[in-house]
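*Asks:* There's a structure below that I have some questions on.
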Amino acid sequence: MTPSVSVSPRDIITVDVEEWFHGHNYLDHMPPEVWDDQELRVEKGMSLCLDMLDRFGVKATFFVLGWTAERHPGVVREIARRGHEIGCHSYGHPEVFKLTRDQFRADCERALEALAAAGVDNPAGYRAPSFSITPSVHGYLEVLRECGFRYDCSIFPIHHPRYGQPDSPRRPFRLDGPGNPFTVVPMPTWRFLGVNVPFSGGGYLRLLPWPAFRFLRDRAHGQGLPCLIYMHPWEMDDFRPRVGQSSVTSLRSQGGQATMPAKIEKILAIGEFETLGQYVGRLEESGQLPFQVLNS
């Protein structure tokens with residue numbers, strides 16, 4: 001078990017800046033070949049998100065997709081202008097565990113080029129689409145370090161049909177081995193009866209009643225973990241695409257979407273916030289981050 005680090009938990013808002021059709025639940029109906037033919041909604045969703053954060057004076061971390069940065073560089077510049085942290089969310093929203101090491105590196109490099117063209121040089125943070133740095137490709141964290149990233153937020157230690165890895169670390173750690181310092185921040189869970197319970201974003205947050213979210217947030221804080229929210233611009237939007245999904249897949253994609261703006265407002269009203277980069281900085285300054293090797 002990875003030792004805990006005595007850094008007081010705060011709340012962190014993270015936003016994956018992508019279009020509605022980038023979600024892997026849509027992939028069967030919306031392959032990359034048709035993306036440019038779809039209605040683009042990210043500007044509206046981002047405007048709603050940024051304005052809400054401004055109202056509460058909260059700075060967030062935005063993981064921007066390279067594909068989106070190429071088509072909406074003004075959105076990227078507006079995130080920066082409002083004082084938020086910008087990280088990388090890949091270029092083409094791949095499931096990382098389906099890529100070779102060289103393909104993953106190429107996607108990272110293309111994403112960094114797209115961000116640089118939009119005015120963002122050397123982003124510190126990376127998050128894989130659908131948290132898809134799973135045990136078979138944990139070694140790709142070294143690629144991120146080699147590409148100049150300082151931290152990763154791609155591990156979600158839960159049971160899930162796509163990205164599940166319940167035996168992966170729950171707590172932040174330093175990647176061992178040669179190279180620049182590199183911190184891994186797993187998504188937060190509440191550990192209960194030997195099970196890691198997710199609560200802080202996506203369908204989990206959309207479908208959770210507010211009292212259940214408060215309970216899980218407070219319990220995670222009690223276990224020394226931050227409440228690391230993850231959300232998407234389309235969850236702020238009233239657009240509901242109809243693409244022929246099954247009822248189960250539609251629930252994962254859109255279930256509870258109408259509740260999300262109000263829930264985020266409630267979270268912003270009760271929390272003490274920092275960016276993910278600031279949290280990583282506090283972890284590093286503590287000098288207590290354990291070193292760990294993740295082999296793939």
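The values are calculated or read from the model by the stated rules, or taken from the named source; none is laboratory data. None of these values were measured; they are calculated from a predicted model. Heads up, the Cβs are rebuilt from the backbone with ideal geometry, glycines too, and the neighbour counts pull from every protein chain shown.
*Asks:* Filter the stretch 26-69 down to the residues that are more than 22 Å from Ala117 (Cβ to Cβ), out of contact with any His (no Cβ under 6 Å at 6 or more places or on another chain), at pLDDT 95 or above and not in a helix (DSSP H, G or I) and list them by number.
*Replies:* Gly57, Val58
Every residue, every condition in (1) touching a Ser or Thr at 6+ places or on another chain (Cβ under 7 Å); (2) aliphatic (A, V, I, L, M); (3) closer than 20 Å to Phe182 by Cα, yes or no:
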site: Phe56; (1), (2), (3): no, no, no
site: Pro73; (1), (2), (3): no, no, no
site: Arg81; (1), (2), (3): no, no, no
site: Gly92; (1), (2), (3): no, no, no
site: Glu95; (1), (2), (3): yes, no, no
site: Lys98; (1), (2), (3): no, no, no
site: Arg101; (1), (2), (3): no, no, yes
site: Gly119; (1), (2), (3): no, no, no
site: Arg145; (1), (2), (3): no, no, yes
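*Asks:* To continue, here is another question. Do you know which residues across the stretch 244-288 are surrounded by 15 or more Cβ atoms within 10 Å (Cβ to Cβ), at pLDDT below 90 and within 18 Å of Leu225 (Cα to Cα)?
*Replies:* Gly271
*Asks:* Moving on to the next point. Of everything in the stretch 115-154 that's of a type in the set (D, E, K, R) and farther than 18 Å from Thr68 by Cβ, which residue is surrounded by the most Cβ atoms within 10 Å (Cβ to Cβ)?
*Replies:* Residues of the stretch 115-154 of a type in the set (D, E, K, R): 121, 127, 142, 145-146, 150, 152.
Remaining after also requiring farther than 18 Å from Thr68 by Cβ: 142, 145-146, 150, 152.
Details: Glu142: 17, Arg145: 20, Glu146: 13, Arg150: 20, Asp152: 23.
Of everything passing the filter in the stretch 115-154, Asp152 is surrounded by the most Cβ atoms within 10 Å (Cβ to Cβ).
*Asks:* Residue under question is Pro157, and the condition is that it be crowded, with 17+ Cβ neighbours inside 10 Å, in contact with a helix residue (DSSP H, G or I) (Cβ under 6 Å, 6 or more places away or on another chain) and over 20 Å from His93 (Cα atoms); does it hold?
*Replies:* Details: crowded, with 17+ Cβ neighbours inside 10 Å: yes; in contact with a helix residue (DSSP H, G or I) (Cβ under 6 Å, 6 or more places away or on another chain): no; over 20 Å from His93 (Cα atoms): yes.
Answer is no for this residue.
*Asks:* Check whether at least one residue in the stretch 77-92 is among the hydrophobic types (A, V, I, L, M, F, W, C), over 23 Å from Asp152 (Cα atoms), in contact with a strand residue (DSSP E or B) (Cβ under 7 Å, 6 or more places away or on another chain) and surrounded by 21 or more Cβ atoms within 10 Å (Cβ to Cβ), and report yes or no.
*Replies:* Here is the first cut: in the stretch 77-92, the ones among the hydrophobic types (A, V, I, L, M, F, W, C) are 79-80, 86, 88.
Next, only the ones that are over 23 Å from Asp152 (Cα atoms) stay: none.
Looking through the stretch 77-92, none of the residues is among the hydrophobic types (A, V, I, L, M, F, W, C), over 23 Å from Asp152 (Cα atoms), in contact with a strand residue (DSSP E or B) (Cβ under 7 Å, 6 or more places away or on another chain) and surrounded by 21 or more Cβ atoms within 10 Å (Cβ to Cβ).
*Asks:* Considering each of Phe239, Phe213 in turn, give the residue that is at pLDDT 90 or above and of a type outside the set (Lys, Arg).
*Replies:* Working: Phe239 fails: at pLDDT 90 or above.
Criteria check complete, one pass: Phe213.
*Asks:* Residues of the stretch 169-200 being closer than 18 Å to Phe104 by Cβ and over 16 Å from the mean Cα position of the chain (by Cα), which ones? Steps first, answer last, please.
*Replies:* The first filter runs over the stretch 169-200 and keeps only residues closer than 18 Å to Phe104 by Cβ, leaving 175, 177, 179, 182, 184.
Residues satisfying the conditions are Leu175, Gly177, Gly179, Phe182.
*Asks:* Ok, one more. If you go through the stretch 4-58 one residue at a time, how many are more than 24 Å from Arg162 (Cα to Cα) and aromatic (Phe, Trp, Tyr)?
*Replies:* So the first thing to find is which residues in the stretch 4-58 are more than 24 Å from Arg162 (Cα to Cα), and the list is 4-12, 36-58.
Going one step further and asking which of them are aromatic (Phe, Trp, Tyr), we end up with 56.
Residues meeting the conditions: 1.
*Asks:* Continuing with this model, one more query. What number of residues in the stretch 70-87 are assigned to a strand (DSSP E or B) and hydrophobic (A, V, I, L, M, F, W, C)?
*Replies:* Taking the stretch 70-87 as the starting set, the residues that turn out to be assigned to a strand (DSSP E or B) are 85-87.
Then keep just the ones that are hydrophobic (A, V, I, L, M, F, W, C); that gives 86.
Looking only at that region, the number is 1.
*Asks:* A further question on this structure: Out of all the residues in the stretch 201-217, which are under 17 Å from the mean Cα position of the chain (by Cα) and surrounded by fewer than 21 Cβ atoms within 10 Å (Cβ to Cβ)?
*Replies:* Residues satisfying the conditions are Gly203, Tyr204, Arg206.
*Asks:* Something else: Tell me which residues, restricted to the stretch 137-168, are of a type in the set (Asp, Glu), at pLDDT 95 or above and more than 18 Å from the chain's Cα centre (by Cα). Step through it out loud before you land on a result.
*Replies:* Of all residues in the stretch 137-168, those of a type in the set (Asp, Glu) come to 142, 146, 152, 167.
Then drop every residue that is not at pLDDT 95 or above, which leaves 142, 146, 152.
Glu142, Glu146 - these are the residues of the stretch 137-168 that are of a type in the set (Asp, Glu), at pLDDT 95 or above and more than 18 Å from the chain's Cα centre (by Cα).
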